[in-house]
Structures are given as C-alpha cells and as structure tokens.
Amino acid sequence: MDALAFLDERVAQVIRELEEDFHKTGQERMWAPKLHPESARFLHMLVLIGKYRRLLEIGGGVGYSTLWLAHAAHRNGGHLVTCEIEVARAEVSRRHVRRAGLHGVVTFLIGDARQTVGELAGPFDFVLIDTTKADYITYFELVTPKLLPNGLIVADNVTSHAKALAPYIQHVRHHPLYESITVPIGKGLELSRRVR
Ligand SMILES: C[S@@+](CC[C@H](N)C(=O)[O-])C[C@H]1O[C@@H](n2cnc3c(N)ncnc32)[C@H](O)[C@@H]1O
C-alpha cells in the first residue's frame, strides 16, 4: 500500500521526490529546510477538516509545505499565497508546484514577507509561519487583522526551537483574540485559533 495513495498521483510523485531528499543529506537537488513529513501530513488533514480555503504560507522554501497546503486548498476549492524571500528557492518551488499540477491554486509572493504580507488584503483562514524565528511575532501581528474568526495560525519549530520561540508562545498564549495549543508533532506546531 502506497503511503501517499490518499494524494492525487501527480502531487504524490513530487512529494515523494522531496521526501527522499530528507534521507540523502548532501545529495539533495537543492537544500532547504522543510516541515517534518508528519507535520506536513497533519497540516494537510487539518486544512481538509477545517475546510479552509484562504491559505497563506510565510516561508515557502523549495515548496515541500507548499505542495501539501496547495493540494488541500485545491480539494477545498481554495487558494494558497506563499511567501519566499529567496528567488532561487521560489523558482524551484514554482517548478514543483507546476509539475504537481497545482499552479492554478498558488500565488507566489517573492520578497521580504515582513513587507509583502503587510500589503496583502486578505482575508485568510489558515496561516503557516515557518521562517526566521525572530520574526514570528511580527507575522502573527501582521496577519491578525486579516484573519477571519475561527481562522488558524500555525507556527512550526516551537519544540525544536523552544528557547528562541518562547517569546512567541508567551505572546500567543496571552493574546485576548486567540486560544492556543502546542501539538508535539515533528518539530512542534503551535496552533492558534482566532476565537472572534
Ligand atoms: C524553514 S524554511 C521553509 C520551509 C518550507 N515551509 C517547507 O516546509 O518546505 C524557511 C524559509 O523562509 C524563508 N525566509 C526567511 N526570511 C524570509 C522573509 N523575510 N520573507 C520571506 N521568506 C523568508 C527562507 O528563505 C526559507 O526558505
């Protein structure tokens, strides 16, 4: 039984190639940090269960998380905006997304997300933050006015980078608009749901 049989085959093929890279340090087509595969599967499931349709990703890398989120968005009849500062990575991601047949549901925003996210109109109902740890609070505050009630902000690396992200955890746990919880999958995901 193919472990990715629940995905469309074109998408599964590209994801399989990217996941092989996880196990071939030094032989990767293009190195870039990625979500842990279990986190990616969890987020895919979460988007489908939550029926989210207006997705935003901050830190798209070479497109591993982008493929998972775009696939779920596509199944929900939605759309994903993905932000990446490194042009070369965004171009690799664009190729992966095209090969997977998901180019119709993804908008690439190449540039510094601290600026590009601020310029987006929104609204969004699902946001993934997976980028420079020092900027997580900045992104959280930038997206809050654009997040729909019941919308979800997911931040990666909260257990792998617990010390660096302690201020972020403090921030979201004490924010009056959110309920927040750590899910210890992969490198640790902080889920913050906008309650109103
Ligand atoms: C952890 S990687 C993202 C991995 C990706 N989410 C995945 O799972 O495949 C973080 C990415 O954030 C990008 N990045 C860093 N600072 C940024 C900024 N100010 N604006 C947009 N992207 C940024 C990096 O270039 C890098 O590709």
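Every number in this text was worked out from the coordinates using simple rules, so none of it is lab data. None of these values were measured; they are calculated from a predicted model. Cβ sites come from the backbone with ideal geometry, for glycine too, and all protein chains shown count toward neighbours.
Note on the chain: lysine pairs with Cα distance below 26 Å, sequence gap of 8 or more or different chains, count 14.
Would you calculate a helix-derived [θ] at 222 nm for the chain, using -39,500 (n - 2.57) for each DSSP H run of n ≥ 4 and dividing by the full residue count, to the nearest 500?
-11500 deg cm²/dmol
Using a cut-off of under 16 Å, list every residue of region 133-155 whose amide N is near the label point 7 Å from the Cα of ALA121 along the Cα-to-beta-carbon line. Within reach of a label on ALA121, which here means backbone N under 16 Å from a point 7 Å along Cα→Cβ, region 133-155 contributes 146-148. The charge dipole of region 9-194, taken about the Cα centre with unit charges on the Cβ atoms of Lys, Arg (+1) and Asp, Glu (-1), comes to about 360 debye, rounded to the nearest 20.
Of all DSSP-defined beta bridges confined to the chain, some 35% are antiparallel rather than parallel. Counting 0.36 nm for each residue step from LEU148 to LEU4 and taking away their Cα separation leaves a gain of 48.7 nm.
Using 7 Å Cα-to-Cβ label points, what is the ARG173/GLU17 separation (nm, one decimal)? Label at ARG173, label at GLU17, 4.3 nm between them. Taking a ≥ b ≥ c as the square roots of the eigenvalues of the Cα gyration tensor, an a/c ratio of 1.5 or more together with a/b no larger than b/c marks region 48-120 as oblate.
What percent does the relative contact order of region 9-194 come to when contacts are Cα pairs within less than 8 Å and at least six residues apart?
Once divided by the residue count of region 9-194, the mean separation gives 19 percent.
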